[in-house]
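J.: This is the structure I want to talk about, given as structure tokens.
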Amino acid sequence: MALFIPPIDPDTMEHQSEADFAKALLNHLPGGYIVMHSLPWLFPARDDIDAPAREGEADFLILHRQFGLMIVEVKGGEITLKGRTWYRHVKAGLKEIKDPVKQARRSLWALKKRITHICGERIADATVISMALGFPHCVFKDTPPADLPADAILTMDDLSSIEAGLARAFRAGGGGKRELSAEDFEAVRRALAPEFRIYEPLRVSVENNTETLTKLTRQQLQVLRGFDSNPRAVIEGVAGSGKTLLAMQRARSFAAKHRAVLFTCFNAELAKWLREELASDLVENGGKLAVWNFHRLASDLCKQAGVEFVVNQQNPSKWWDEIAPDLLAGAAMDLFPDGQPFDAVVIDEAQDFSPSWWDALDYVWDSTGPIWAFLDKAQSLRREPIDPPVRGAFKFSLGVNCRNTRRIVACANSATDNTSEPFELAPLGRPPKVITPPNPAAISGLVQQEIRSLLRDHRLQPQQIAIIGPSAKMKGPLANVSAVDDTSLVEDAAIWRQGKGILCSTARSFKGLEADVVILCDYSGLGPLFTQSDLYVALTRARSHLVIVVHDRASREKLDAAISAAIAEGSDA
């Protein structure tokens, strides 16, 4: 049976002639044909752009891979052509009607233009478009119209063998000489019967989510302002609980009361972002804040003191834990013989500070002075993070996530065995999207396809999207991809924030930062180079939407429970 788009019911058709022709198609036309009834068309006027668009309607379109496309104009009753005028016989005599050949020809050219516009000239030229007239209530005699061959006229005698009649009409119009490929046939079908959908771009929900989550974060910070009177505090909070924003707020508060304040952290990219956000308060700009990650603090002070500072690349972690702190201490004693240069200190990512780092900080900061330390043990890069050795500290826990949508929180909790709670008023959000490539070689293409969709279909900006992987870009599936269409892939977060590309980073480099949309790329399970803490970081960096590209099906199966938890989060909504 032929495919009808949309399905038709002849009993509901306005004109009996079209209903009878449709019944013949339904009853006798086999598979391989696509039939469209009463297809409207519209295209701009040819010469005058201010003129109204030309419009019309084709009674029937019949599409076949071997024959091409046929427009069938159907007329009921007894029809007569005199000279160049068409008439229908009515009780009062002859009634002039529209020229059905001209009607069909207008549809032919309109639809050919549509196919050319949507599919391109190659497919349009390969598609033979012909036309026919259908007279289901009449038989044909006499001479056919000059602009229509006799074989393109279908009468009541053709209804019981409609396929043969259509084949005859197709051939009269030049069809049947070459077959469309399956891809070209589908392209023509979509051009004539598009799957039109009005959808909400992700950008709309992202903007709404961002506004709501920003309000929730401000509320959380307002509550915590009540603890400002405590000069020494240790704040332990889950991902997205506002720790870094509170740390910034506390650094500014200390700067208002003290001569010099050190704000330090572990992650270099986080330190860069903090310097951008606190630019007007930096020492070099006339303020009181010195913002460095610990590595930069140690290397810069050693450079100032003329202390040789060469990292052991064979075992850098051990060198940073055991050698760098001693070098920092020695440099500080040379540079500041009269006492430590900082009166107060704020430490973010304190879970990543080794015991020796805390000892080294005593050489640049008066250890009896004000200090606030912020940490999340679930994000620790060390197997067993230590509690910050801050004596007499007020301790407070932040267990509510106000950065991520509730579904992202549910996914991250399930995948990493965490117990973070989403803010009660946080938006639900979309479930994370999971992509499982058929093989590793397909990852790059699928990620690029996802990026195109986010930029083009969902109207997002490059600075709203970050790609996080277990390894750096040069070692991952996007190593040979410098741009997706006209959008660059960058590895510098500062350039990314300026909107000059989509960021490619690692979970460890991106720790402390966030993006509206995160693509976790090339995930292949946990191991020494991508631990549960890395997964927790990666899954909680996305404010509104998370895409996970899972390297293999085994890893996908382990994520299924997390995805199910995210979907179930909205089951009571």
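Coordinate-derived values only; no laboratory data. Because the structure is a prediction, the values reported are computed rather than measured. Neighbour counts are summed over all protein chains in view; Cβ atoms, including those assigned to glycine, are modelled from backbone coordinates with ideal geometry.
J.: Label the stretch 1-136 by shape, choosing from rounded, prolate and oblate, from the square roots a ≥ b ≥ c of the eigenvalues of the Cα gyration tensor; if a/c is under 1.5 it is rounded, and otherwise prolate applies when a/b is larger than b/c, oblate when it is not.
T.: Numbers: a/c = 1.94, a/b = 1.14, b/c = 1.71.
Oblate, because a/c is 1.5 or more while a/b does not exceed b/c.
J.: Dipole of the chain, Cα-centred, from +1 at each Lys and Arg C-beta and -1 at each Asp and Glu C-beta, to the nearest 20 debye? Please report the intermediate quantities before stating the final value.
T.: Details: 66 positive and 73 negative charges, 203 e Å.
Rounded to the nearest 20 debye, it is 980 debye.
J.: At most 11 other Cβ atoms within 10 Å and a DSSP loop assignment: could you name the trypsin sites (Lys or Arg not before Pro) in the stretch 67-134 that fit?
T.: Working: sites: Lys75, Lys82, Arg84, Arg88, Lys91, Lys95, Lys98, Lys102, Arg105, Arg106, Lys112, Lys113, Arg114, Arg122; in loops: Lys75, Arg84, Lys91, Lys98.
Sites meeting the loop and neighbour criteria: Arg84, Lys91, Lys98.
J.: Over all alpha-carbon pairs of the stretch 421-573, lay out the pair-distance distribution in 5 Å bins, whole %, shortest bin first.
T.: Histogram of Cα-Cα distances, whole percents per bin: 2, 9, 19, 23, 22, 15, 7, 3, 0.
J.: Select from Trp320, Pro389, Gly32 the residue farthest towards the positive end of the dipole of the chain; place +1 on Cβ of Lys and Arg, -1 on Cβ of Asp and Glu, and compute about the Cα centre.
T.: Gly32
J.: Based on the alpha-carbon gyration tensor of the stretch 411-477 and its eigenvalue square roots a ≥ b ≥ c, which shape applies: rounded if a/c is under 1.5, prolate if not and a/b is larger than b/c, or oblate?
T.: Values: a/c = 2.10, a/b = 1.40, b/c = 1.49.
Oblate, because a/c is 1.5 or more while a/b does not exceed b/c.
J.: Report, in deg cm²/dmol and to the nearest 500, the calculated mean residue ellipticity at 222 nm for the chain, where each DSSP H run with n ≥ 4 adds -39500 (n - 2.57) and the sum is divided by the residue count. Don't skip to the answer; put the middle values down first.
T.: On the way: 18 runs with 201 residues, N = 573.
Rounded to the nearest 500, the figure is -10500 deg cm²/dmol.
J.: I'd like the trypsin sites (Lys or Arg not before Pro) in the stretch 346-429 restricted to DSSP loop residues with at most 10 other Cβ atoms within 10 Å, sorted by number. Walk me through the intermediate numbers first.
T.: Details: sites: Lys377, Arg382, Arg383, Arg391, Lys395, Arg403, Arg406, Arg407; in loops: Arg382, Arg383, Arg391, Arg403.
Here the trypsin sites (Lys or Arg not before Pro) that fit, given the DSSP loop and packing criteria, are Arg383, Arg391.
J.: Within the stretch 251-367, what percent of beta bridges assigned by DSSP are antiparallel, to the nearest 5?
T.: Values: 0 of 11 bridges.
If I count the DSSP bridges inside the stretch 251-367, around 0 percent turn out antiparallel.
J.: With only alpha-carbon pairs counted, each pair once and no self-pairs, how large is the Kirkwood hydrodynamic radius of the chain in angstroms? It would help to have the intermediate numbers written out before the result.
T.: Working: mean 1/r = 0.0343 Å⁻¹.
Mean inverse Cα-Cα distance, inverted, gives 29.2 Å.
J.: Right, another one. When the dipole is taken about the Cα centre of the stretch 282-330, and only Lys, Arg (+1) and Asp, Glu (-1) are charged at their Cβ, what size is it in debye, to the nearest 20? Show your work: numbers first, answer last.
T.: On the way: 4 positive and 6 negative charges, 30 e Å.
Taking the Cα centre of the stretch 282-330 as origin, the dipole is about 140 debye.
J.: Starting from a Cα-only point model with no solvent, please compute log10 I(q)/I(0) by Debye for the stretch 108-231 at q = 0.17, 0.18, 0.19, 0.20 1/Å.
T.: For the stretch 108-231 at q = 0.17, 0.18, 0.19, 0.20 Å⁻¹, log10 I(q)/I(0) is -1.00, -1.05, -1.10, -1.14.
J.: How many Å³ per residue does the convex hull of the Cα positions in the stretch 185-337 occupy? Don't jump to the answer; show the numbers that get you there.
T.: Values: hull volume 36.4 nm³, N = 153.
Cα convex hull per residue, to the nearest whole number: 238 Å³.
J.: Tally Lys/Arg at +1 and Asp/Glu at -1 over every other residue whose Cβ is under 9 Å from the Cβ of Phe254; what's the total?
T.: Numbers: positive: Arg250, Arg252, Lys257, Lys288; negative: Asp343.
For residues surrounding Phe254, the net value is +3.
J.: Continuing with this model, one more query. For Arg543, what residues show an amide H to amide H distance below 5 Å, using hydrogens built from the backbone and excluding near sequence neighbours?
T.: For Arg543, whose amide H was placed from the backbone, the distant partners under 5 Å are Ala515, Asp516, Val517.
J.: Another question about this same structure. With both bridge residues required to lie in the chain, what share of the DSSP beta bridges run antiparallel, to the nearest 5%?
T.: Working: 27 of 83 bridges.
Just about 35 percent of them are antiparallel.
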